[in-house]
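Trainee: My questions all concern the structure below.
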Amino acid sequence: MSEQNAPKKNTPRKDNAEPEIMEKIVSLCKQRGFVFQSSEIYGGLKSCYDYGPLGAELKRNVKAEWWRAMVHGREDIVGIDASIIMHPNVWRASGHLAGFADPLVDCLDCKERGRADKWPQKEPGTEVEYKVIVDSQTGKKETRKGLVGKLGVVCGACGSPNLSDIRRFNLMFRTFLGSVDPVELLARALEGKNLTGDALKTAIAEAMNETSVFLRPETAQAMFTNFVNVQTSMRLKPPFGIAQQGKSFRNEITVEHFTFRSCEFDQMEMEYFVPPPGFAEEGKDDMYWFKYWCDERLKWYTSLGLRAEKLRLRPHEQQELAHYAKACSDVEYEYPWGWGELEGIAHRTDYDLKQHEKHSGKKLAYFDPQKNAHYHPYVIEPAAGADRAALAFLLDSYAEEPPPPGTKEGRTVLRLHPRLAPIKVAVFPLVKKEGMPDTARKIIAEFWKHQINAAYDEKDTIGRRYRRQDECGTPYCITVDGQTAQDGSVTIRERDSMKQERIQVADAVEVVKKRLA
Ligand code: GAP
């Protein structure tokens, strides 16, 4: 639970931040159908995004690779698909209802709103100088001075120490389950009562709580509440894991960097239940498994092409850890705005199972037949985000290449790992005559038959068609040309090297399949 409850460590911004790369990626995403602003025709909805045809494929591929690595590729992890709305007591037990709140402050000078734990810290009583825009038309600024208040924080935007008191803000989206309209409930509860202030708030809260439910802010809790169901139905023995992918929702105050932080996102989480001290196999204690998962998860990103030098594992400092956590490390990626979290790997001890046991009154323990005793497993949790991973893969694969010697045209290319690429192979007829389109369509039909996502294109020059595919990351292009009718061969061009070779039409599916394996 590294991103939500734990205090944030401010990641230093890079001096040479490259916002133009972000602009280029956002623009490419729109032009090539990866990501669109949600409800764009109505002016857009802040922080909500729609994945277009190529983006949907990319995200599906990211999730499929995660599932392959975490579930299908091993015998100790099983997957579930739980409901998004859970019993409200789940969130009481997990601490989300009580503690899932950001400490918000408003700047009284520039009106910026932000998190007190993320804004610059200064010794209370220190005099600070800051600049405030006094004319919004011209952008004219005025220099002011002030003393840092008891919060010990200044505005993250203008540096002013004039801030409001902290207000708590619940990050969970509330909704209502049941046939009675919440407006009806409120009206009934308040009718004839002349309430104000705290008494009014309490009456409203009590009325709303009758039917309130919440959209899950993480997928993890269903793995804890289903621990016994899964363990007994699948006859599992720790160490074993329960994995899940799905939507999570957080009413984030700061939504930033395109899809990096948004209010609705896809998580890919796995809870790995390991024997606690006293029950563990020699040499494989809980810290062994924590390290194991840190290494595995880092490797997953490099195996799919993220450059190792853009990745690091950042162990949390003691004061960053949630009170129940024994350790936590973030897999961080160097985004254009600096290092930021890609995935968190947390050692959550037996906190969650015990919390749910306490709140539900149901035993959530494992019976160890060898020791003839029950125990609560410790939990190691690698928690990743599919949107954030997709963004990192896009950023990392983006390249602008200058024109090769003797030519005029450079190219933009997404060097996505072939398994992540939305379109695996494009098939072109060199010209729209001499039966070439028919042959190309026959070839593409073979790819579709083998569940390989393939695209057909016959518009523009062959060079432009290659460029179009390079820009959306297609690793292979097959061209039917004059020689095809003579000897049954086509060219296959590889995206990164741009090298072409001739292969037989009959072998095309096998050749591409082998390269994707
Ligand atoms: N159960 C633990 C948990 O949810 P987290 O660090 O809060 O931990 C895990 O979230 C991952 O989910 C993050 O590393 C990130 O990839 C993704 N994530 C979290 N909040 C997000 C947001 N607002 N937008 C996009 N992705 C987010």
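Trainee: Positive end of the dipole of region 329-437, charges at C-beta (+1 Lys, Arg; -1 Asp, Glu), about the Cα centre: which of Thr412, Pro382, Gln370 has its Cα farthest in that direction?
Mentor: Going by the Cα projections, it comes out as Gln370.
Trainee: I want to make sure I understand the PRE zone here: with the label point 7 angstrom from the Cα of Lys432 toward its beta carbon, which residues in region 477-501 have backbone N atoms less than 19 Å away?
Mentor: 479-482, by backbone N distance to the label point.
Trainee: Oh, and also: Take every DSSP beta bridge with both residues inside region 347-458 and express the antiparallel ones as a percent of the total, to the nearest 5. Could you put the intermediate results ahead of the total?
Mentor: Details: 8 of 11 bridges.
So the antiparallel bridges amount to about 75 percent of the total.
Trainee: Compute the angle between helix 351-360 and the longest alpha-carbon principal axis of the chain, please, reported from 0 to 90 degrees and rounded to the nearest 10.
Mentor: 60 degrees
Trainee: Report the relative contact order of the chain, percent, no decimals, based on alpha-carbon pairs under 8 angstrom and at least 6 residues apart.
Mentor: 13 percent
Trainee: Also, I was wondering about something else. Please list 362-372, 454-464 highest first by mean number of surrounding beta-carbon atoms within 10 Å per residue.
Mentor: Top to bottom by mean Cβ count within 10 Å: 454-464, 362-372.
Trainee: In the chain, what % of DSSP beta bridges are antiparallel (nearest 5)?
Mentor: Of those bridges, close to 85 percent are antiparallel.
Trainee: On to the next question. Under a point-charge model restricted to the Cβ atoms of Lys and Arg (+1) and Asp and Glu (-1), what is the dipole moment magnitude of the chain relative to its Cα centre, in debye to the nearest 20? Don't skip to the answer; put the middle values down first.
Mentor: Values: 75 positive and 75 negative charges, 90 e Å.
Around 440 debye, computed over the chain.
Trainee: Hey, another quick one. For Arg92 and His374 in the same chain, what is the full-extension length gain: residue separation times 0.36 nm, less their Cα-Cα distance, in nm?
Mentor: On the way: separation 282, 0.36 × 282 = 101.52 nm, distance 2.52 nm.
Working it through step by step, the gained length comes to 99.0 nm.
Trainee: Amide H of Val213: which non-local residues (sequence gap of 5 or more, or other chain) have their own amide H closer than 5 Å, using H built in the peptide plane?
Mentor: Residues meeting the criterion, in which the H sits 1.01 Å from N, are Thr175, Phe176, Leu177.
Trainee: Which residues in region 355-396 have a backbone N closer than 11 Å to a point placed 7 Å from the Cα of Glu20 along the Cα-to-Cβ line?
Mentor: none
Trainee: In Å, what Kirkwood hydrodynamic radius results for the chain from the alpha-carbon pair distances?
Mentor: After inverting the mean inverse Cα-Cα distance, the result is 26.5 Å.
Trainee: Along Cα→Cβ, 7 Å out, is where each label goes; now give me the distance between the ones at Ser233 and Lys514 in nm to one decimal.
Mentor: 4.3 nm
Trainee: Can you give the FRET efficiency to the nearest 0.05 for Glu75 and Tyr456, using r as the Cβ-Cβ distance and R₀ = 41 Å? Please list the in-between numbers first.
Mentor: Details: r = 41 Å, r/R0 = 0.99.
That pair, Glu75 with Tyr456, gives E of 0.50.
Trainee: With angles folded into 0 to 90 degrees, how steeply does helix 436-449 sit against the dominant principal axis of the chain? Use alpha carbons for both and round to 10.
Mentor: 40 degrees
Trainee: With no solvent and one point on each alpha carbon, what is the Debye value of log10 I(q)/I(0) for region 224-277 at q = 0.25 Å⁻¹?
Mentor: -0.95
Trainee: Full extension from Thr143 to Arg113: what is 0.36 nm times the residue separation minus their Cα-Cα distance, to one decimal in nm?
Mentor: 8.8 nm
Trainee: Measuring from centroid to centroid over Cα atoms, what is the spacing of region 166-216 and region 334-380 in Å?
Mentor: First find each Cα centre; the distance between them is then 32 Å.
Trainee: Another question about this same structure. Grab the beta carbon distance between Ala56 and Thr196, set R0 = 51 Å, and tell me the FRET efficiency rounded to 0.05.
Mentor: Details: r = 50 Å, r/R0 = 0.99.
Calculated value: 0.50.
Trainee: For the pair Tyr42 and Lys150, how long in nm is the line joining their label points, each one 7 Å along Cα→Cβ?
Mentor: About 4.4 nm, to one decimal.
Throughout, read-outs are computed from the coordinates displayed, never taken from laboratory work. Just so it is clear, the model here is predicted, and its values are computed rather than measured. Methodologically, a virtual Cβ is constructed for each residue, glycine included, from the backbone with ideal geometry; neighbour enumeration extends over all protein chains shown.
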